[in-house]
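Trainee: Let me begin by handing over the structure; questions about it come next.
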Amino acid sequence: MVVYDLDVESSFNFQVAAASGHTVVLVDQSDEILKKSTKGIEESLKRVTKKKFADKPEAGAEFIEKTLKNLTTSTDAVAVVHSTDLVIEAIVENQEIKNELFKRLDKFAPEHTIFASNTSSLQITQLANSTTRQDRFGGLHFFNPVPMMKLVEVIKTPMTSQKTYESLMDFSKAVGKSPVSCKDTPGFIVNRLLVPYMMEAVRLFERGDASKEDIDVAMKLGAGYPMGPFELLDYVGLDTSKYIIDGWHALEPNNPLFLPSPLLDKLVEEKKLGRKTGEGFYKYK
(Lines give C-alpha, C1' and ligand atoms only; values in the text may rest on other atoms or scores of the structure.)
Protein backbone atom coordinates (compact mmCIF):
# COMPACT_ATOMS: atom_id res chain seq x y z
CA MET A 1 0.00 0.00 0.00
CA VAL A 2 1.25 3.49 -0.87
CA VAL A 3 0.03 6.50 1.03
CA TYR A 4 0.48 10.02 -0.27
CA ASP A 5 0.23 12.44 2.62
CA LEU A 6 0.79 16.14 3.25
CA ASP A 7 -0.28 16.28 6.89
CA VAL A 8 1.46 14.87 9.96
CA GLU A 9 -1.91 14.35 11.64
CA SER A 10 -3.41 12.44 8.72
CA SER A 11 -0.40 10.12 8.60
CA PHE A 12 -1.98 8.41 11.64
CA ASN A 13 -4.53 7.01 9.15
CA PHE A 14 -1.85 4.60 8.04
CA GLN A 15 -0.44 3.72 11.42
CA VAL A 16 -3.50 1.45 11.76
CA ALA A 17 -2.68 -0.25 8.45
CA ALA A 18 0.92 -0.93 9.48
CA ALA A 19 -0.22 -2.10 12.90
CA SER A 20 -2.54 -4.67 11.30
CA GLY A 21 0.27 -6.24 9.28
CA HIS A 22 0.00 -4.33 5.99
CA THR A 23 3.15 -3.12 4.26
CA VAL A 24 2.85 0.66 4.01
CA VAL A 25 4.95 3.25 2.18
CA LEU A 26 4.29 6.78 3.39
CA VAL A 27 5.07 9.32 0.66
CA ASP A 28 5.50 13.06 1.07
CA GLN A 29 7.27 16.04 -0.47
CA SER A 30 10.32 16.13 1.79
CA ASP A 31 12.34 13.98 4.18
CA GLU A 32 11.75 16.58 6.90
CA ILE A 33 7.97 16.14 6.73
CA LEU A 34 8.35 12.37 6.64
CA LYS A 35 10.55 12.45 9.75
CA LYS A 36 7.87 14.47 11.57
CA SER A 37 5.21 12.01 10.42
CA THR A 38 7.24 9.00 11.54
CA LYS A 39 7.97 10.60 14.90
CA GLY A 40 4.27 11.38 15.32
CA ILE A 41 3.37 7.79 14.53
CA GLU A 42 5.94 6.49 17.05
CA GLU A 43 4.52 8.75 19.76
CA SER A 44 0.99 7.67 18.87
CA LEU A 45 1.99 4.00 19.05
CA LYS A 46 3.46 4.56 22.50
CA ARG A 47 0.16 6.04 23.67
CA VAL A 48 -1.75 3.11 22.22
CA THR A 49 0.52 0.52 23.84
CA LYS A 50 0.21 2.15 27.26
CA LYS A 51 -3.48 1.28 27.20
CA LYS A 52 -3.41 -1.89 25.11
CA PHE A 53 -0.42 -3.47 26.85
CA ALA A 54 -0.65 -1.83 30.28
CA ASP A 55 0.41 -5.00 32.08
CA LYS A 56 2.73 -6.30 29.35
CA PRO A 57 5.36 -3.66 28.53
CA GLU A 58 7.52 -6.17 26.62
CA ALA A 59 4.60 -7.10 24.37
CA GLY A 60 3.98 -3.39 23.83
CA ALA A 61 7.57 -2.80 22.75
CA GLU A 62 7.34 -5.75 20.35
CA PHE A 63 4.10 -4.36 18.90
CA ILE A 64 5.73 -0.99 18.20
CA GLU A 65 8.77 -2.66 16.61
CA LYS A 66 6.66 -4.86 14.32
CA THR A 67 4.46 -1.94 13.28
CA LEU A 68 7.40 0.30 12.41
CA LYS A 69 8.97 -2.52 10.36
CA ASN A 70 5.85 -2.48 8.17
CA LEU A 71 6.21 1.25 7.57
CA THR A 72 8.73 2.83 5.20
CA THR A 73 8.92 6.32 3.71
CA SER A 74 9.73 7.85 0.34
CA THR A 75 9.66 11.20 -1.45
CA ASP A 76 9.17 9.52 -4.85
CA ALA A 77 5.61 8.31 -5.28
CA VAL A 78 6.16 7.28 -8.87
CA ALA A 79 9.01 4.97 -7.87
CA VAL A 80 7.02 3.09 -5.23
CA VAL A 81 3.61 3.00 -6.92
CA HIS A 82 4.81 0.35 -9.39
CA SER A 83 4.36 -2.45 -6.85
CA THR A 84 1.29 -1.60 -4.84
CA ASP A 85 -2.28 -2.85 -4.55
CA LEU A 86 -3.79 0.25 -2.96
CA VAL A 87 -2.96 3.97 -3.09
CA ILE A 88 -4.55 6.20 -0.46
CA GLU A 89 -4.30 9.97 -0.92
CA ALA A 90 -4.55 12.28 2.09
CA ILE A 91 -3.14 15.59 0.88
CA VAL A 92 -4.53 19.12 1.12
CA GLU A 93 -8.26 19.56 0.36
CA ASN A 94 -7.73 21.12 -3.05
CA GLN A 95 -9.40 19.64 -6.12
CA GLU A 96 -6.74 20.69 -8.64
CA ILE A 97 -3.80 19.48 -6.55
CA LYS A 98 -5.46 16.13 -5.90
CA ASN A 99 -6.35 15.73 -9.58
CA GLU A 100 -2.78 16.40 -10.63
CA LEU A 101 -1.45 13.81 -8.18
CA PHE A 102 -3.88 11.11 -9.27
CA LYS A 103 -3.32 11.88 -12.95
CA ARG A 104 0.44 11.47 -12.49
CA LEU A 105 0.25 8.28 -10.42
CA ASP A 106 -2.29 6.75 -12.79
CA LYS A 107 0.37 6.58 -15.51
CA PHE A 108 2.70 4.42 -13.42
CA ALA A 109 0.46 2.30 -11.17
CA PRO A 110 -0.33 -1.31 -12.19
CA GLU A 111 -3.67 -1.93 -13.84
CA HIS A 112 -5.09 -3.72 -10.80
CA THR A 113 -4.12 -0.98 -8.31
CA ILE A 114 -7.03 0.67 -6.52
CA PHE A 115 -6.92 4.43 -5.88
CA ALA A 116 -8.73 5.92 -2.88
CA SER A 117 -9.03 9.43 -1.47
CA ASN A 118 -9.34 10.33 2.21
CA THR A 119 -11.10 13.59 1.30
CA SER A 120 -13.83 14.76 3.66
CA SER A 121 -15.61 17.18 1.34
CA LEU A 122 -14.65 16.82 -2.34
CA GLN A 123 -16.50 14.67 -4.86
CA ILE A 124 -14.86 11.30 -5.39
CA THR A 125 -16.30 11.15 -8.92
CA GLN A 126 -14.42 14.28 -9.99
CA LEU A 127 -11.18 12.88 -8.56
CA ALA A 128 -11.75 9.55 -10.31
CA ASN A 129 -12.29 11.36 -13.61
CA SER A 130 -8.69 12.57 -13.50
CA THR A 131 -7.61 8.95 -14.02
CA THR A 132 -8.27 6.10 -16.44
CA ARG A 133 -9.32 3.77 -13.60
CA GLN A 134 -12.74 5.11 -12.62
CA ASP A 135 -13.89 1.56 -11.83
CA ARG A 136 -10.93 1.09 -9.47
CA PHE A 137 -11.45 4.34 -7.57
CA GLY A 138 -13.33 5.03 -4.33
CA GLY A 139 -13.30 6.98 -1.10
CA LEU A 140 -11.86 5.93 2.27
CA HIS A 141 -12.67 8.65 4.79
CA PHE A 142 -11.00 8.04 8.16
CA PHE A 143 -11.80 10.09 11.26
CA ASN A 144 -9.38 11.74 13.70
CA PRO A 145 -7.88 10.65 15.96
CA VAL A 146 -7.59 7.65 13.64
CA PRO A 147 -6.03 5.17 16.12
CA MET A 148 -9.06 5.70 18.41
CA MET A 149 -11.96 6.32 16.03
CA LYS A 150 -13.50 3.14 14.64
CA LEU A 151 -15.40 4.66 11.74
CA VAL A 152 -14.42 4.66 8.06
CA GLU A 153 -16.77 5.94 5.36
CA VAL A 154 -16.39 3.87 2.18
CA ILE A 155 -17.55 5.90 -0.81
CA LYS A 156 -18.76 4.26 -4.00
CA THR A 157 -19.20 6.36 -7.13
CA PRO A 158 -21.50 5.31 -9.98
CA MET A 159 -18.35 4.04 -11.74
CA THR A 160 -16.78 2.13 -8.83
CA SER A 161 -16.91 -1.60 -9.53
CA GLN A 162 -18.42 -3.99 -7.01
CA LYS A 163 -15.03 -5.73 -6.73
CA THR A 164 -13.33 -2.43 -5.84
CA TYR A 165 -16.03 -1.56 -3.34
CA GLU A 166 -15.74 -4.95 -1.64
CA SER A 167 -11.95 -4.63 -1.54
CA LEU A 168 -12.21 -1.25 0.20
CA MET A 169 -14.73 -2.64 2.70
CA ASP A 170 -12.50 -5.66 3.38
CA PHE A 171 -9.43 -3.44 3.84
CA SER A 172 -11.29 -1.22 6.31
CA LYS A 173 -12.28 -4.26 8.38
CA ALA A 174 -8.76 -5.70 8.15
CA VAL A 175 -7.30 -2.57 9.79
CA GLY A 176 -9.78 -2.88 12.65
CA LYS A 177 -12.33 -0.28 11.57
CA SER A 178 -16.10 -0.36 11.24
CA PRO A 179 -16.90 0.71 7.66
CA VAL A 180 -20.14 2.32 6.56
CA SER A 181 -21.14 2.76 2.93
CA CYS A 182 -22.30 5.95 1.24
CA LYS A 183 -22.86 7.22 -2.28
CA ASP A 184 -20.78 10.12 -3.57
CA THR A 185 -22.89 12.89 -2.04
CA PRO A 186 -21.42 16.15 -0.60
CA GLY A 187 -19.93 15.43 2.84
CA PHE A 188 -20.89 11.75 2.69
CA ILE A 189 -22.73 10.85 5.93
CA VAL A 190 -21.01 12.47 8.91
CA ASN A 191 -19.97 15.82 7.46
CA ARG A 192 -23.20 16.17 5.47
CA LEU A 193 -25.01 16.22 8.82
CA LEU A 194 -22.29 17.81 10.94
CA VAL A 195 -21.22 20.82 8.85
CA PRO A 196 -24.75 22.24 8.32
CA TYR A 197 -25.36 21.76 12.06
CA MET A 198 -22.23 23.78 12.90
CA MET A 199 -23.15 26.46 10.35
CA GLU A 200 -26.66 26.73 11.77
CA ALA A 201 -25.12 27.27 15.21
CA VAL A 202 -23.07 30.16 13.78
CA ARG A 203 -26.22 31.67 12.22
CA LEU A 204 -28.03 31.35 15.55
CA PHE A 205 -25.18 33.30 17.17
CA GLU A 206 -25.02 35.83 14.30
CA ARG A 207 -28.72 36.62 14.77
CA GLY A 208 -28.10 37.26 18.47
CA ASP A 209 -30.51 34.52 19.54
CA ALA A 210 -28.01 32.98 21.97
CA SER A 211 -24.36 33.32 22.98
CA LYS A 212 -21.82 30.89 21.60
CA GLU A 213 -21.06 29.75 25.14
CA ASP A 214 -24.71 28.92 25.83
CA ILE A 215 -25.10 27.18 22.48
CA ASP A 216 -22.11 24.97 23.28
CA VAL A 217 -23.38 24.16 26.78
CA ALA A 218 -26.87 23.43 25.42
CA MET A 219 -25.63 20.92 22.85
CA LYS A 220 -23.31 19.20 25.31
CA LEU A 221 -25.85 18.89 28.12
CA GLY A 222 -29.01 18.67 26.01
CA ALA A 223 -27.83 16.46 23.14
CA GLY A 224 -24.95 14.67 24.87
CA TYR A 225 -22.33 15.87 22.39
CA PRO A 226 -18.70 15.77 23.65
CA MET A 227 -18.08 19.26 22.22
CA GLY A 228 -20.35 22.16 21.38
CA PRO A 229 -20.47 23.39 17.75
CA PHE A 230 -18.16 26.36 18.33
CA GLU A 231 -15.64 24.24 20.21
CA LEU A 232 -15.79 21.76 17.35
CA LEU A 233 -15.35 24.45 14.70
CA ASP A 234 -12.23 25.68 16.49
CA TYR A 235 -10.95 22.11 16.72
CA VAL A 236 -11.56 21.34 13.04
CA GLY A 237 -10.20 24.71 11.87
CA LEU A 238 -12.31 27.62 10.67
CA ASP A 239 -10.47 27.69 7.35
CA THR A 240 -11.27 24.05 6.75
CA SER A 241 -14.94 24.60 7.61
CA LYS A 242 -15.12 27.64 5.33
CA TYR A 243 -13.49 25.71 2.48
CA ILE A 244 -16.07 22.93 2.83
CA ILE A 245 -19.12 25.18 2.99
CA ASP A 246 -17.88 27.39 0.14
CA GLY A 247 -17.38 24.32 -2.04
CA TRP A 248 -20.83 22.96 -1.29
CA HIS A 249 -22.39 26.40 -1.88
CA ALA A 250 -20.75 26.50 -5.31
CA LEU A 251 -22.25 23.08 -6.10
CA GLU A 252 -25.73 23.89 -4.76
CA PRO A 253 -26.10 27.70 -4.51
CA ASN A 254 -29.85 27.49 -3.75
CA ASN A 255 -29.46 25.10 -0.82
CA PRO A 256 -30.02 27.15 2.39
CA LEU A 257 -27.99 24.62 4.40
CA PHE A 258 -24.90 25.55 2.38
CA LEU A 259 -25.07 29.33 2.77
CA PRO A 260 -21.72 30.93 3.76
CA SER A 261 -21.40 32.82 7.05
CA PRO A 262 -20.19 36.47 7.14
CA LEU A 263 -18.81 35.93 10.66
CA LEU A 264 -16.90 32.79 9.67
CA ASP A 265 -15.53 34.57 6.60
CA LYS A 266 -14.39 37.50 8.78
CA LEU A 267 -12.57 35.29 11.29
CA VAL A 268 -10.77 33.39 8.52
CA GLU A 269 -9.76 36.67 6.87
CA GLU A 270 -8.31 37.78 10.22
CA LYS A 271 -6.36 34.46 10.42
CA LYS A 272 -8.29 33.44 13.51
CA LEU A 273 -8.58 29.81 12.49
CA GLY A 274 -9.20 28.10 15.81
CA ARG A 275 -6.97 26.09 18.11
CA LYS A 276 -4.10 25.89 15.63
CA THR A 277 -3.68 29.68 15.61
CA GLY A 278 -4.57 30.29 19.27
CA GLU A 279 -7.86 32.02 18.49
CA GLY A 280 -11.07 31.32 16.63
CA PHE A 281 -14.48 31.66 18.19
CA TYR A 282 -12.60 31.26 21.47
CA LYS A 283 -9.11 32.24 22.60
CA TYR A 284 -6.56 29.57 23.55
CA LYS A 285 -3.36 29.93 25.57
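The values are calculated or read from the model by the stated rules, or taken from the named source; none is laboratory data. Source: prediction; values computed, not measured. Every residue, glycine among them, receives a Cβ derived from its backbone with ideal geometry; neighbour counts consider all protein chains shown. For accessibility, only protein heavy atoms count, side chains too; no ligands or nucleic acids. Shrake-Rupley method; radii C 1.70, N 1.55, O 1.52, S 1.80 Å.
Trainee: Taking the alpha-carbon centroid of each part, what is the distance from segment 168-203 to segment 231-277 in angstrom?
Mentor: Rounded to whole Å, the Cα centres lie 18 Å apart.
Trainee: Provide the gained length on full extension for the span Leu257 to Asp170, in nm with one decimal, where the gain is 0.36 nm per separating residue minus the Cα-Cα distance.
Mentor: Length gained, Leu257 through Asp170: 27.9 nm.
Trainee: Nothing charged except the Cβ atoms of Lys and Arg (+1) and of Asp and Glu (-1): what's the magnitude of the dipole of the chain about its Cα centre? Round to the nearest 20 debye.
Mentor: It works out to roughly 600 debye.
Trainee: Only loop residues by DSSP count here, and only those with at most 10 other Cβ atoms within 10 Å; note down the GluC sites (Glu not before Pro) in segment 46-105 that meet that.
Mentor: none
Trainee: First compute the accessible area of the chain with a 1.4 Å probe, then give the percent of it belonging to carbon and sulfur atoms.
Mentor: With neighbouring chains kept in place, the figure for the chain is 55 percent.
Trainee: Right, next: Specify the residue with the greatest mean-square fluctuation among Val87, Val27, Val180, computed from a Gaussian network of the chain linking alpha-carbon atoms under 10 Å apart.
Mentor: Sorting by GNM fluctuation, first place goes to Val180.
Trainee: Rounded, prolate or oblate, given the Cα gyration tensor of segment 194-280, with a/c below 1.5 counting as rounded?
Mentor: Verdict is oblate for segment 194-280.
Trainee: Okay, moving on. Can you list the lysines whose alpha carbon is less than 19 Å from that of Lys272, not counting same-chain residues fewer than 8 positions off?
Mentor: Lys212, Lys242, Lys283, Lys285
Trainee: According to the square roots a ≥ b ≥ c of the eigenvalues of the Cα gyration tensor, what is the shape class of the chain, taking rounded for a/c under 1.5, prolate for a/b larger than b/c otherwise, and oblate for the remainder? Display every interim value, and only then the final one.
Mentor: Numbers: a/c = 1.87, a/b = 1.32, b/c = 1.42.
Since a/c reaches 1.5 but b/c is at least a/b, the shape of the chain is classed as oblate.
Trainee: If Lys and Arg each add +1 and Asp and Glu each add -1, what is the summed charge of the other residues whose beta carbon sits under 12 Å from the beta carbon of Glu200?
Mentor: Overall, the nearby charge balance is 0.
Trainee: Please enumerate, by chain and number, the lysines with C-alpha under 22 Å from the C-alpha of Lys69, excluding those fewer than 8 residues away in the same chain.
Mentor: Here the lysines satisfying the reach criterion relative to Lys69 are Lys35, Lys36, Lys39, Lys46, Lys50, Lys51, Lys52, Lys56, Lys173, Lys177.
Trainee: Using θ = phi - 60° and the Karplus form 6.51 cos²θ - 1.76 cosθ + 1.60, what ³J(HN,Hα) does each residue of segment 70-83 get, whole Hz, x for Gly and Pro?
Mentor: Per-residue couplings from phi come out as 7, 10, 10, 10, 7, 9, 10, 5, 4, 5, 9, 6, 4, 10 Hz.
Trainee: How big is the gap, in Å, between the Cα center of segment 121-137 and the Cα center of segment 52-119?
Mentor: Here the answer is 18 Å between Cα centres.
Trainee: Counting only DSSP beta bridges with both residues in segment 2-183, tell me the antiparallel percent, nearest 5. Write down the numbers at each step before the final one.
Mentor: Details: 4 of 28 bridges.
Roughly 15 percent of the beta bridges in segment 2-183 run antiparallel, per DSSP.
Trainee: If we count every other residue with Cβ under 10 angstrom of Ser167's Cβ, Lys/Arg +1 and Asp/Glu -1, where does the sum land?
Mentor: -1
Trainee: Let me ask another. For segment 2-183, with every protein chain kept in place, what is the accessible area per residue (1.4 Å probe, Å²)? Before the final figure, lay out each step's value.
Mentor: Working: 8750 Å² over 182 residues.
Ligands and nucleic acids excluded, the result is 48 Å² per residue.
Trainee: Taking the Cα-to-Cβ direction at Ser20 and at Asp76 and moving 7 Å from each Cα, how far apart do the two end points lie in nm?
Mentor: Label-label distance for Ser20 and Asp76, simple model: 3.1 nm.
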